[in-house]
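Report on the structure given below.
Just so it is clear, none of the values below were taken in a lab; they were calculated from the coordinates. Model, not experiment: these values are computed from the prediction.
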Amino acid sequence: MGTPLERRNIPPWVKVPEDLKDPEVFQVQTWLLEAMFGRDGCRIPYIEQVSKAMLDLKALESPDFTEVVVYSSCTYKLRAKRIPQPMAEWHRQQPGTTDAQT
């Protein structure tokens, strides 16, 4: 994993260096991240602004999961970590969702 300072466009709500010291790291199913952020990640800046966090997505060896690294204050990191769970549940309830995505 690279250092968090490699990112050039650190959002103004992220306090450097304190918010970069201890990121929250978790894995999410890749299909869900594509549904949330768009295939090319075009909605990531909006999600970052709403959640007051900086997100970094890292590909894993398994294409089924992606590592999500969240940089922010403790409160906002925890909130950002809870975002994928209700999104996954919502997508599972949508017509046409395959078992491969759940």
- If you stretched the chain out fully between K58 and E18, how much longer would it get, using 0.36 nm times the residue separation minus the C-alpha to C-alpha distance? 12.2 nm
- Task: Using 0.36 nm per residue of separation minus the Cα-Cα distance, give me the extension gain between Y46 and R79 in nm, one decimal.
- Result: 10.4 nm
- Note on the structure: Counting only DSSP beta bridges fully inside the stretch 17-80, the antiparallel percentage to nearest 5 is 100
